[in-house]
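Bear in mind these aren't lab numbers, they're just calculated from the coordinates by the rules spelled out. Here the structure is a predicted model, which is why all the values come from computation and not from measurement. All Cβ positions, even for glycine, are placed from backbone atoms using ideal geometry, and neighbour counts span all protein chains on display.
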Amino acid sequence: MSDIEQNAQNDPIEHVVLLLMENHSFDQMLGCLDAVHRDLDGVRNAAGQSNADGKGHTFSPRATRERQMKHDPNHEHDAVMKQIAGGNSGFVSSFVHDYPNSSLAARQDIMGYYPLGFLPALHTLGSQFTVCDHWFSSLPGPTWPNRYFALTGTSKGQTGMPSGLDALSPHWYTEQDQDTLFDRLNAARKTWKVYFYDFPASLLLKNQRRAENLANYHLFDTFFHDAAGPADAFPQFVLIEPKYFGDAQNDDHPQHNIMKAEKLIADTYNALRSNQALWERTLLVVLYDEHGGFYDHVPPPADAVAPDEHVTSFDFKQLGVRVPAILVSPWCKPGVCNTQFDHCSLLKYLCDKWHLEPLGKRTQAAASIGVAIHGADVARTDTPAFIRVTNQSLIPTHVELERKSSNGNQHGLHHFADFLHAELDRLAAGAVESAAGLARTGNAWVRFKSALGSLMTSFGQWLSKDFYDARDQRDARTSGAFTRLSQSAGANTGVPRNDA
C-alpha cells in the first residue's frame, strides 16, 4: 500500500460531497486568486497572452463584471481541439466562427476573468481553502462525456453530445452501462445519495436506473434536512446536481446569471458548515465539469492514460481545459495544490479511502486529491461561518435570455427524457396515461424541429419559436420522466408523486 493510499484511509474525512457545476474555465473564475495565493498559476501568468479573432482584432485577458453572457461558446470536441491548438490561441477565433456577427465586447468576454471578490462564494472558498490550480477536465469536449468520467472513470469512447438527427435516434447515450462510482459504493456497503432539482443527469448512466439506485435520489431541499441531522446519518458520498432548466437555473451554464450558481455554492457550504459535527468530518469538492469555451492560459497536458479499450479517432491521451476546483474542509489549508488532477483524481481518492475496486486505467494512474488533505490533531476553527449572496445580485441583467436560453445539455436531457418516457410507455403495455399519445406526437415534432434547427443554425431562432413558447411544459415533461421511472421501479425516492 502506498503512503497516499494509507493517508486517504487514515485522514479524518468520513463524508465527501461533490457539487458538480457547468462550463467555466479556471482563469475566468479563479485566476484572480493569484493575488491571494502567490504560487497560484493565475491571470498574472496570463499577462502577455492573446487570441486573435481572424478579423484583425487581438484580445488579451482582462477583468470583466459581466454576470450574464449573451452567447454560449462552443465546447464540443472539435471546437475545443481548435481552441487549445497553438498554445491555447484559438478560443476567440472559435467563438467568431460560431458567432460571426458578435460584438468586440462579446469576443473580449471569452478572454475575461472575474476580479477578486466579485464571486462571493467561489472567491471566499478559494481564499480560505485549497484551490487545485492544475485540475483539467478529463477530455477536450462537452458536458456529458466529462460527467461520465467524473462518475465512472470513462466515457466509453464518446467525446460528444447528441445533436441534429443523431438526437432523434437515441443509442450510445442511453447505453452508458459501465461500472460507476455508485456501483463500487454499493459493493463496499457505503451510503450515498444524489440530491437534484429538476432532472438528474446522472441517470444517463444505465446502472443508475435500477430500482435500488433510484431509491437514493432525492430533491435538493432534502439536503438541508439531512445536513442538519446527526452526522453519522449523513451519506458517506453525496452528488449534488444543480438545476438545469427554467428561470432559476443555477448550474452556471451560460446564458444564465452566474450569481444563481454562487447562491447554490454558498447554500451548500452554509448547510455543511452549520452542523459542526458533520463539518468536522466532511470534504466538499466544488468542481466544474468543463470550461464552456472560455479562455484559460495553461495548455492542457497530452500525456494522460486512456481509460480503457474504447478508443476511436481520439486516443484519450489529451486532457481538456483547466477548470475551477476547490477542496473545502476544516482539514484543507488555505492555499494551492499544484498537483496535476483530472476528474478521475476524485475517484482515485475515494477508491483509496474506502478500498473500492478501481474504475479503469485512468483512475488507477491518476494522482489522488488526498495529497491536499492534511491530517492534524484538531480541525481548523478559522473557517468562514457563513457566505452571503445578496438577493439583488440574483436579478438577471437580461431577463429575456433566461426565458429563452437553451443549450446542448438541456436539449440532450430532453431527448433522453423522451427515451425514458417511450421505454416506460412500452413497459406499460397499453396502460398509459390518457395524454401520453398526444404528448409523444407533440414532442416528436418539437424534437424534429430542435434537431433540424441545430443543423441549420441560421434558421434556428425561427424554427425553435414554438419550442421556446412551450418551454415550461417541455421542462415539466423532462422532470416528470424521473418521477415515472422511480414509480415504475417502485423506488422510495422521497419525491412526491406530483413533483413533475
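I need the helices of the chain that pass two filters: whole DSSP H segments spanning 24 Å or more by Cα along the axis, and mean Kyte-Doolittle score no lower than -1.0. It would help to have the intermediate numbers written out before the result.
Working: long enough: 408-428 (30 Å, -0.45); 436-455 (28 Å, 0.24); 471-489 (28 Å, -1.27).
Taking the DSSP H segments of the chain (at least 24 Å long, mean hydropathy at least -1.0), we get 408-428, 436-455.
Stretched out fully, how many nm does the piece from THR312 to GLN276 gain, at 0.36 nm a residue minus the Cα gap? List each step's numbers first, then the result.
Details: separation 36, 0.36 × 36 = 12.96 nm, distance 4.87 nm.
Difference between extended and current length: 8.1 nm.
Using alpha carbon centroids, what distance separates region 277-355 and region 73-92, in Å?
20
³J(HN,Hα) across region 66-80 via Karplus (A = 6.51, B = -1.76, C = 1.60, θ = phi - 60°), whole Hz, x for Gly/Pro?
These are the phi-based 3J(HN,Hα) values: 6, 7, 9, 5, 7, 10, 9, x, 5, 9, 5, 4, 4, 5, 5 Hz.
Could you work out [θ]222 nm for the chain from helices alone, using -39500 (n - 2.57) per DSSP H run of at least four and dividing by all its residues? Round to the nearest 500 deg cm²/dmol.
-10500 deg cm²/dmol
What percent does the relative contact order of the chain come to when contacts are Cα pairs within less than 8 Å and at least six residues apart?
Numbers: 976 pairs, mean separation 125.2, N = 500.
After rounding, I find 25 percent.
Here are some pairs, LYS193/LYS263; LYS55/LYS82; LYS82/LYS333; LYS243/LYS404; which of them have Cα atoms lying more than 26 Å apart in this structure?
Checking Cα-Cα distances, LYS82/LYS333 exceed 26 Å.
To the nearest 0.05, how large is the calculated FRET efficiency for ARG44 and THR339 if R₀ is 22 Å and r is the Cβ-Cβ distance?
Working: r = 20 Å, r/R0 = 0.92.
The pair ARG44/THR339 has a calculated efficiency of 0.60.
Which FRET efficiency value, to the nearest 0.05, do you get for ALA85 and THR397 by plugging their Cβ-Cβ distance into 1/(1 + (r/R0)^6) with R0 = 35 Å?
Details: r = 33 Å, r/R0 = 0.94.
Efficiency, rounded to the nearest 0.05: 0.60.
Consider all pairwise Cα distances in region 326-369 and report the whole-number % of them above 13 Å. Mind dumping the intermediate values first?
On the way: 525 of 946 pairs.
When every Cα pair of region 326-369 is considered, 55 percent fall beyond 13 Å.
If I model a spin label at ALA63 and ASP78 as a point 7 Å from the Cα along the Cα→Cβ vector, what separation in nanometres do I get?
3.9
If I stretch the segment between ASP221 and ASP382 completely, what's the gain in nm (0.36 nm per residue apart, minus their alpha carbon distance), one decimal?
Contour length minus Cα-Cα distance gives 55.2 nm.
Going by average Cβ density within 10 Å per residue, which order do the peptides 136-145, 471-480, 297-306, 345-354 take, highest to lowest?
So the peptides 136-145, 471-480, 297-306, 345-354, ranked by packing, come out 136-145, 345-354, 471-480, 297-306.
Please return the longest stretch of the chain lacking exposed loop sites, where GluC sites (Glu not before Pro) count only if DSSP places them in a loop and at most 16 other Cβ atoms lie within 10 Å. Can you show the working numbers first?
Numbers: sites that count: GLU14, GLU66, GLU175, GLU309, GLU433.
In short, 176-308.
What is the distance, in nm, between label points placed 7 Å from the Cα along the Cα-to-Cβ direction at ALA211 and at ASP303?
5.1
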